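What follows is a single structure, written as structure tokens, with notes after it.
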Amino acid sequence: NAGVTQTPKFQVLKTGQSMTLQCAQDMNHEYMSWYRQDPGMGLRLIHYSVGAGITDQGEVPNGYNVSRSTTEDFPLRLLSAAPSQTSVYFCASSYGPTSTYEQYFGPGTRLTVT
Amino acid sequence: ILNVEQSPQSLHVQEGDSTNFTCSFPSSNFYALHWYRWETAKSPEALFVMTLNGDEKKKGRISATLNTKEGYSYLYIKGSQPEDSATYLCASGNRDDKIIFGKGTRLHILP
């Protein structure tokens, strides 16, 4: 099993550009989440999904879109990149609700917006 | 307490010494407490998930305890080794299926 995979590993964008961060898992997990990690902050939840076709907003959803058309994939779209979105992004999946089940994290995508 | 607080923020420990650090979390609406280990340039990996007051879990030299009534958990590392150098994240899950992460305790093991 590859676990949780994320692409790309690094990305530089210019302000106003859009892009999609890819996330896939092969563990048949229903629950998937996107987090951002900023210096001096804990992991903050952007969006999450409890199954194919179902998504919801987390703590910091503005400027991001998600969709979940399959169990395996959970892409994160930046609509119009801003310097404030410079961060490390982690995708995670779990067998059950994230409040009670351990999450498996991808390797992260380091995004810089200039 | 509304957030998950971890202390200390950073810790230097001599190889071979034992150490512990704290996670404080909101005790109301609490459901589960998570500990993750996060090595530099890697991604967080789950250590423990605990739900019951008085729970104690152990994995090798690392153990954790949980007090849900007062809202704290301790993580203990016995006989620290260089490979224990990492950031240890604590997260609290509540009954609304929300999870909140602390900022972590960064542990440095000195040879």
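Structure summary
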quantity	calculated
Subset of segment B:77-111 (residues that are open to solvent by 60 Å² or more (accessible area, probe 1.4 Å), closer than 14 Å to A:Leu45 by Cα and in contact (Cβ under 8 Å) with a residue 24 or more places away in the chain)	B:Ile100, B:Lys103
Residue in segment B:16-28 that is within 12 Å of chain A (Cβ to nearest Cβ), in contact with a Lys or Arg (Cβ under 8 Å, 6 or more places away or on another chain) and open to solvent by less than 30 Å² (accessible area, probe 1.4 Å) present	no
Flag if A:His29 is within 13 Å of A:Val66 (Cβ to Cβ) and buried (at least 19 other Cβ atoms within 10 Å of the Cβ)	no
B:Glu45 vs. criteria within 16 Å of B:Gly104 (Cα to Cα) and among the acidic types (Asp, Glu)	yes
Hits in segment A:40-87 - residues which are outside any loop (DSSP other than H, G, I, E, B) and aromatic (Phe, Trp, Tyr)	A:Tyr48, A:Tyr64
Verdict on A:Ser99 being free of Cβ contacts under 8 Å to residues at least 60 places away in the same chain, more than 12 Å from every other protein chain (Cβ to nearest Cβ) and surrounded by 16 or more Cβ atoms within 10 Å (Cβ to Cβ)	no
Search result, residues across segment A:37-83 that are more than 14 Å from chain B (Cβ to nearest Cβ) and out of contact with any strand residue (DSSP E or B) (no Cβ under 8 Å at 6 or more places or on another chain)	A:Ala52, A:Gly53, A:Asn62, A:Ser69, A:Thr70, A:Ser80
Any hit, segment B:80-89, residues being assigned to a strand (DSSP E or B) and within 10 Å of another protein chain (Cβ to nearest Cβ)	yes
Evaluation of A:Ser80 against (1) surrounded by 14 or more Cβ atoms within 10 Å (Cβ to Cβ); (2) farther than 10 Å from A:Cys91 by Cβ; (3) in contact (Cβ under 8 Å) with a residue 40 or more places away in the chain; (4) among the polar types (S, T, N, Q) (one fails), failing number	(1)
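The values are calculated or read from the model by the stated rules, or taken from the named source; none is laboratory data. None of these values were measured; they are calculated from a predicted model. All Cβ positions, even for glycine, are placed from backbone atoms using ideal geometry, and neighbour counts span all protein chains on display. Areas reflect the complete protein model, heavy atoms only, side chains present, ligands, DNA and RNA absent. Shrake-Rupley method; radii C 1.70, N 1.55, O 1.52, S 1.80 Å.
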